Amino acid sequence: MMDGKDESPNLDELRRQLDETRRQLDEERQRRRELEGPTDSETPGDNEPRVPIRGGMDSSMEVAPINEADVTLRRLVQRIAMILQAEKIAIMFYDREKGELLGIPPAYGIDDDHLKIFRIRATHGISGKVFREGEPAIFHDTNTDPRTKEDPFGLLHVQNGITVPLVIEKRDEENRVIDRTTIGVLHAFNKRHGEDFNDEDVRLLERMARNVGSIIANLQMYREVVEEREELLQTFESLAAGLILVSPEGRLSQVNASARAIFGADADAIGKNYRDVLKNEAIEKIFLANQRGEETPKTEIHIALGGTDRIYEVQSAQVRNEEGRDLGIVAIFNDITEMKSIDKMKSSFVAMASHELRTPLTAIKGFSSTLLEGIDEDMYSKEDQREFLGIVVQECDRLRRLIDDLLNTSRIESGESLKPHYTRFELLPLLEKAVMVQQQASNKHKVTLKVHNELPDTIIGDQDKLDQILTNLLNNAIKYSPAGGDVIVHAKTEGKDILIGVQDQGLGIPKEHLIRVFERFHRVDNEDNRKIYGTGLGLFLVKHLVERVHLGQIWVESEVGVGSTFYVRIPVELDVEKAKSLND
Ligand code: ADP
């Protein structure tokens, strides 16, 4: 019932996750800008050759789509080929699982089919050596250079080339390298015009490999950010609580499934003004306060959902990034309707229970002190004394019943059994006795037993507990018929079961309470009913005794102003083994 509450996301945690994602996106943008930094006007020269990279990236976008970053890498590869005057360029990636270096796109001068089979173990060939040692290598003739014997260069008709390590660097805020990982190698093959590569080319390729590395790092980062974002959205979507994000301009940027259900919105709500979708003044007030940067306390709001009034606890706050920029509002809606009604029932229970305890105590105290005062002077006749003491005993019984109910309820709640004691016993005498006891307790009501067909002589069950069931139902029948009337206990055999009905001509029970009267603490909350004291525990216990102890069913049919009939169906021959295993 209170699950929603338990699952409710912690606002700070959500804020933190949002900040983190936004920070990553900012970083991503920054890296892209850095990559785009070198411009065409800067010419490659001396020791700082620059590779102008101009992809189709639009820095105003949150993150450039992945294929655009791929384009950047492809262009860079082309430029490397041009600058080095190489016929072919290939990137090899280290696959940790396979322990191999694999050719990956984009390549230059090599078709996809060839690229796919361009691979070598990371312990072999010149590729493996450059990868492992992190030093560039130049080779002038693959036919004679023993270092290239194991590389699959024949496949690509490689005669000469340069191989440099492909490194990803991680930098801190001051641009100092804090981590360096070699992720593969970069090859340039076959210098054009029959020439050969020289040391200058090696340095150039090393430089450009750095750019290749940082684009790949960027791509990886992009994928991670996208995945993380997806994960976060998925988490938001599946929250039991409603979650809404509002942009600083007041547009909805996130409305999860629960929130859509609460506000009757569909997926198109995204991008709309929150006022038009939520249509709730109380929320508007809270959000306006949040927009002014004010902290708002948890607030309860009422929303009609599916025809019933539900209560939500709203927690909301303005979200700011590290620099303090306003990123909008995050709001969480937890359904606390059930919790509220339990709260209400609990407090009315406390009031009822104290009344129920005080009434018999007052009577006991009153009658016994009266007797005590008169003891010396023989003030009261034997008759009077008998009557007074009778009342004291009755009230003690009432107190005991109440305390038993409380104890039994807490036992059931903590999963303990009510320790049934199963025997075979005679049914009819038990019914007759219960009816007689109740008839004696009221002269406003006529309590009778009506047996509709032949009842079995004996049944199997817990005799005391069946008595408790009947007594409770009869008590209620009398209690909730304040104007008096007939109370009839119907009994009949129905196949392998006994059906017992306790009928009264009392107040009746409104439809919406018919199932709920069996819940603990639940009482019908109307004017007539409020005048009648009770704890709301009786039927909860009766239901347990019927269903768990006797493996039966209980239900009620009722009409307000006409009366109610509580039905109990239990087996004649109870499966004791099964019942015991359930009540162990
Ligand atoms: P209590 O009588 O102590 O309140 P119960 O669990 O026995 O607790 O009953 C729960 C509620 O069900 C009552 O408060 C009353 O509103 C309703 N109820 C039970 N029995 C009857 C009845 N025979 N007629 C009308 N209402 C009833």
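The values are calculated or read from the model by the stated rules, or taken from the named source; none is laboratory data. Note that the coordinates shown come from a computational prediction; the quantities given were computed from them, not determined experimentally. Cβ coordinates were reconstructed from backbone atoms using ideal geometry, including for glycine residues, and neighbour counts include every protein chain displayed. Each accessible area value is taken on the protein alone, full model and side chains, heavy atoms only, with ligands, DNA and RNA left out. Shrake-Rupley method; radii C 1.70, N 1.55, O 1.52, S 1.80 Å.
Summary of values
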| read-out | value |
| --- | --- |
| Angle between the chain longest axis and helix 199-238 axis [Cα atoms, degrees, rounded to 10] | 10 |
| Table column - 3J(HN,Hα) (Hz), the stretch 250-262, Karplus curve with 6.51, -1.76, 1.60, x for Gly and Pro | x, 9, 6, 10, 7, 9, 7, 4, 5, 5, 4, 5, 4 |
| In order through the stretch 264-275: 3J(HN,Hα) via Karplus (6.51 cos²θ - 1.76 cosθ + 1.60), integer Hz, x for Gly, Pro | x, 9, 10, 4, 6, 4, 4, x, 7, 5, 4, 5 |
| Greater than 24 Å apart at Cα, pairs in Lys450/Lys496; Lys419/Lys511; Lys479/Lys580; Lys465/Lys492; Lys465/Lys511 | Lys419/Lys511; Lys479/Lys580; Lys465/Lys511 |
| Selection of GluC sites (Glu not before Pro), the stretch 331-417, meeting DSSP coil and at most 14 other Cβ within 10 Å | Glu377, Glu416 |
| Carbon/sulfur fraction of accessible area - the stretch 340-413, other protein chains in place, 1.4 Å, % | 57 |
| For the chain, the fraction of alpha-carbon pairs in successive 10 Å shells from zero, as % | 3, 12, 15, 12, 11, 10, 9, 8, 8, 6, 4, 1, 0, 0 |
| Loop GluC sites (Glu not before Pro), the stretch 498-584, which have at most 13 other Cβ atoms in a 10 Å radius of their Cβ (DSSP) | Glu573 |
| Where His302, His187 fall by accessible area, highest first, once all protein chains stay in place (1.4 Å) | His302, His187 |
| Degrees, to the nearest 10: 66-84 long Cα axis against longest axis of the chain | 20 |
| Low-density loop cleavage sites - GluC sites (Glu not before Pro) in the stretch 87-162, where at most 15 other Cβ are within 10 Å (DSSP) | Glu97 |
| Accessible area in square angstrom per residue, the chain, 1.4 angstrom probe | 54 |
| Carbon and sulfur %, accessible surface of the stretch 423-583 computed with the full protein complex present, 1.4 Å | 50 |
| Percent carbon-and-sulfur accessible area, the stretch 239-335, ignoring ligands, DNA and RNA, probe 1.4 Å | 47 |
| Solvent-accessible surface (1.4 angstrom probe) belonging to Asp95, in square angstrom, nearest 10 | 40 |
| Area accessible to solvent at Val546, 1.4 Å probe radius, in Å² | 0 |
| Long-range amide H partners of Arg171 with built H, under 5 Å | Ile178 |
| Residue order for Asp201, Asp112 - accessible surface, 1.4 angstrom probe, largest first | Asp112, Asp201 |
| Helix 281-291 vs. the chain, principal-axis angle (Cα, 0 to 90°, nearest 10) | 40 |
